[in-house]
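Down below is the structure, laid out as structure tokens.
The values are calculated or read from the model by the stated rules, or taken from the named source; none is laboratory data. All values derive from a computational prediction rather than experimental measurement. Methodologically, a virtual Cβ is constructed for each residue, glycine included, from the backbone with ideal geometry; neighbour enumeration extends over all protein chains shown.
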Amino acid sequence: MKNKLIRFIHLLPLDCMGGVECAAKTTENISKGNICFSLLYISKKSRNYKSKLLDFLDFLRDSFSSVLKIVNCSPDVLIISLWKSCIVGIFIKILKPEVKIILFLHSSNLNFIDYLFNNLLAITAFEIWADSESTLRNRLNSFIFINKGKTKKVISLILNKEKPLPFNSVKTNFIYWGRLHRIKNISRSIDIFYSIYKQIKNSKFIIIGPDDGDYLNLKKYIIELGLENNVKIYKEMSFDKIKNFAQDSSFFIQSSFSEGMAISVLESMQLGLVPIVTDVGNIKNYCKDNFNSIIIDELSTRKILEISRNHDKYLFLRKNAIETWKSKPLYKKDVYENCLRLSYKVKN
């Protein structure tokens, strides 16, 4: 007897190059056997209207369209990422209550809208997944009316197994890739770089990523500090192109106010860059100061300068950063195995 086909849809708000979206894209071809897996984006591109009303109307139209697509497709399981997708998920649960909802939590950062819609969906969710133990713990502790007995899973966010970049020498060259958003606190990264630049004038800082509202502020700040020749901002690009820039860097710097798993940080560690980070979200669970990373504090400049002048110390941190992720599973394998596990529950 032929196994029943189990349909999974992973819904995300926007087809873009954020960490969550890049992870999701690695699962595009995981359909196998009786597992039919697909990605669906509420919006295919960001329109960035000057009018918030137009943005909102576009979102309503795209959300309505997504509800119709999901109802017509009639999946067995709908995986929901990020709060805008939660709105669609709530309507699907009303229209097709038999669909099993998986709420996938991606950040320990909360604003009220994010909190409200994730909490509402969590109440009816069949399972809850998260990108890290800290995200799962922090979010669930804040939610109300949640059945604590729900199945909960932490999904690995390692996108690919990356080979370390070749090492030549330590340079006070820094790189960041990710969204240009205020929550990433990139201006603080620029401040740290500026404190290094004042002592080592040939230092460089490369910033790569899509504008998420902070590009103009960062550009203005770079000009104010007179760093136009030393700090460059590039639009989002493929990871292979990012690695070309990273080859000339020794440090990855990210000074976020909050994070979940922080995909860019773990990518940089696999490449052999020493991360300079704030210990927020799950970063504090895998980045250890003066062991595999530099934790940002009032002594950051001194620590960076000391390590950049001590090759043995730098190589010690680099080796430990690489070793941190060697035995961890890939995101797409973790998602597939959890879909396979769920398929037996759905069939029964």
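Points to keep in mind about this one:
- Candidates are the residues of the stretch 40-73 that are of a type in the set (Ser, Thr, Tyr) and at pLDDT below 95; the one that is nearest to residue 29 (Cα to Cα) is 43.
Yes or no, residue by residue, for (1) more than 25 Å from the chain's Cα centre (by Cα); (2) not in a helix (DSSP H, G or I):
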site	(1), (2)
62	no, no
68	yes, no
75	yes, yes
80	no, yes
86	no, no
89	no, no
92	yes, no
102	no, yes
113	no, no
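- Matching residues, the stretch 328-348, being modelled with pLDDT under 95 and among the basic types (Lys, Arg): 328, 345, 347
Rundown of residues vs (1) touching a Leu at 6+ places or on another chain (Cβ under 7 Å); (2) over 17 Å from residue 21 (Cβ atoms), yes/no style:
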site: 124; (1), (2): no, yes
site: 128; (1), (2): yes, yes
site: 131; (1), (2): yes, no
site: 134; (1), (2): no, yes
site: 141; (1), (2): no, yes
site: 145; (1), (2): no, yes
site: 162; (1), (2): yes, yes
site: 177; (1), (2): no, no
site: 182; (1), (2): no, yes
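- Residues in the stretch 149-173 that are among the basic types (Lys, Arg) and assigned to a loop (DSSP other than H, G, I, E, B): 150, 161, 163, 171.
- Test: residue in the stretch 103-117 that is farther than 25 Å from residue 19 by Cβ, surrounded by 14 or more Cβ atoms within 10 Å (Cβ to Cβ) and touching a helix residue (DSSP H, G or I) at 6+ places or on another chain (Cβ under 8 Å): no
- In summary, helices (runs of 4 or more DSSP H) completely within the stretch 188-301 and bearing 2 or more residues that are surrounded by fewer than 16 Cβ atoms within 10 Å (Cβ to Cβ) occur at 215-224, 239-246, 283-286.
- Count - residues of the stretch 244-264 that are of a type in the set (D, E, K, R) and under 22 Å from residue 307 (Cα atoms): 1
- Contacts under 6 angstrom Cβ, first residue in the stretch 220-235 being in the same structural domain as residue 187 (by TED's automatic domain parsing), partner loosely packed, with under 11 Cβ neighbours inside 10 Å, 6 or more apart: none
- Members of the stretch 166-187 that are surrounded by 17 or more Cβ atoms within 10 Å (Cβ to Cβ) and basic (Lys, Arg): 179, 184
- Filtering the stretch 75-98 to residues that are of a type in the set (A, V, I, L, M) and crowded, with 20+ Cβ neighbours inside 10 Å leaves 77, 78, 79, 80, 82, 87, 88, 92.
- Here is the figure for the stretch 291-314: residues that are over 24 Å from residue 255 (Cβ atoms) and touching a residue at least 24 places away in the same chain (Cβ under 8 Å) total 1.
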